[in-house]
Amino acid sequence: MRGRWTAPVLMVATALVPVLAWLGGASLALATLRRGAAEGALAAGLATAGLAAVALASGAPGGVALGTLLEFWLPLWLVAVWLRWSVSLASAVQVAGALAAVGVAGFYLWFGGDPGSFWSEQLAAAGRSFGIGAEEQAGWEAFSERLQPVMTGLWALNLLGLVVVSLLLGRWWQALLYNPGGFRAEFHELRLDRGFAVATALVILAGTFTGRGLATDAGLVLSSVFVFQALAVAHWVAAARAWNRLGLVVVYVLLPVLFQVYALIGIVDVFIDVRRRMVSAGGS
């Protein structure tokens, strides 16, 4: 917040280390939330130019910067602008989910309804970069065949998670600086709309009839948004019952294993208010 260049520099630095990309994204979210859409757009533009310069200097394709902008920074900027305007964390998370679903649809449209050949090429290239030998080639090809049908959904799910986590972290930073304690109350009350839940259920239902494809991948992305509501439920109950922090650690450790269960809890909470029922019921 002390200067215009801090956010772009952090965005470029973390983009070079993908596991830290969410930190740079949070700086973009904070700049947009606090200073406005124009300042956030400027930060994204400067970071894109800087990342392109680094890529070209290192011999990497300059398109890496454009890909980062379109897949990550631009959606995050749009969601942050929406949150600044609406002052509703729930609606911002829903917008992120909707953008991811639109991205899935656009991906299918770009590849004529069947992105399988694209992912087959990407997985084959990954096998070569991993140094898969002739003796392991058959196993890698079998693994690729099983993975290829779900790659579009996983790709969109990864980007959606990155956008929402960056947004939440940026919002937390904003609260720490200008509204201490505000993010805790805001996240605890996170509740998505019933209409969004019904639409998600319909897309998932369509996917069960159409099989693996656009509806299935869109349903995966949309349902994942409710995982964040399930986590809000966990934090709300933990605060209400004065849980030890270890309880929340367990919740997050189990997230990859119980991902679909968490999504279901989030959807159910939309309709029956799980968090207050749990607290009023007492017990463990």
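Is there a residue being crowded, with 17+ Cβ neighbours inside 10 Å, in a helix (DSSP H, G or I) and over 16 Å from the mean Cα position of the chain (by Cα) anywhere in region 85-99?
Scanning region 85-99, I find no residue that is crowded, with 17+ Cβ neighbours inside 10 Å, in a helix (DSSP H, G or I) and over 16 Å from the mean Cα position of the chain (by Cα), so the answer is no.
Each row is one residue, and each column tells you yes or no for (1) free of Cβ contacts under 8 Å to residues at least 12 places away in the same chain; (2) more than 30 Å from F107 (Cβ to Cβ).
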{"site": "L157", "(1), (2)": "no, no"}
{"site": "V203", "(1), (2)": "no, no"}
{"site": "V233", "(1), (2)": "no, yes"}
{"site": "V249", "(1), (2)": "yes, yes"}
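Does A31 qualify as being among the hydrophobic types (A, V, I, L, M, F, W, C), assigned to a helix (DSSP H, G or I) and more than 18 Å from L159 (Cβ to Cβ)? Walk me through it before giving the result.
Values: among the hydrophobic types (A, V, I, L, M, F, W, C): yes; assigned to a helix (DSSP H, G or I): yes; more than 18 Å from L159 (Cβ to Cβ): yes.
The answer is yes for A31.
Output the number of the condition that E145 fails; it satisfies all remaining conditions of (1) assigned by TED's automatic domain parsing to the domain that holds F226; (2) surrounded by fewer than 17 Cβ atoms within 10 Å (Cβ to Cβ); (3) closer than 27 Å to P18 by Cα.
The failed condition is (1).
Could you tell me which numbered condition D114 fails, if it satisfies all but one of (1) in a helix (DSSP H, G or I); (2) closer than 23 Å to V221 by Cβ?
Evaluating D114 over (1) in a helix (DSSP H, G or I); (2) closer than 23 Å to V221 by Cβ leaves (1) as the failure.
Is it fair to say A29 is surrounded by 15 or more Cβ atoms within 10 Å (Cβ to Cβ), more than 19 Å from L162 (Cβ to Cβ) and in contact with a Gly (Cβ under 9 Å, 6 or more places away or on another chain)? Break it down stepwise before answering.
Numbers: surrounded by 15 or more Cβ atoms within 10 Å (Cβ to Cβ): yes; more than 19 Å from L162 (Cβ to Cβ): no; in contact with a Gly (Cβ under 9 Å, 6 or more places away or on another chain): yes.
Judged against the criteria, A29 is not a match.
What number of residues within region 170-192 are surrounded by fewer than 19 Cβ atoms within 10 Å (Cβ to Cβ), basic (K, R) and touching a residue at least 60 places away in the same chain (Cβ under 8 Å)?
So the answer is 1.
Does G195 satisfy the condition of being farther than 17 Å from A96 by Cα and surrounded by fewer than 22 Cβ atoms within 10 Å (Cβ to Cβ)?
Spelling it out, it is not the case that G195 is farther than 17 Å from A96 by Cα and surrounded by fewer than 22 Cβ atoms within 10 Å (Cβ to Cβ).
I'd like the full set of residues that are part of a helix (DSSP H, G or I) and either of a type in the set (S, T, Y) or not assigned by TED's automatic domain parsing to the domain that holds V17 (or both), limited to region 44-69. I'd like the intermediate steps shown before the answer.
Restricting attention to region 44-69, the residues satisfying the condition of being part of a helix (DSSP H, G or I) are 44-57, 63-69.
Correct list: T48, T68.
The values are calculated or read from the model by the stated rules, or taken from the named source; none is laboratory data. Only a predicted model underlies this, so the values are computations on that prediction, with no experimental measurement involved. Cβ atoms come from the backbone with ideal geometry, glycine included; neighbour counts cover every protein chain shown.
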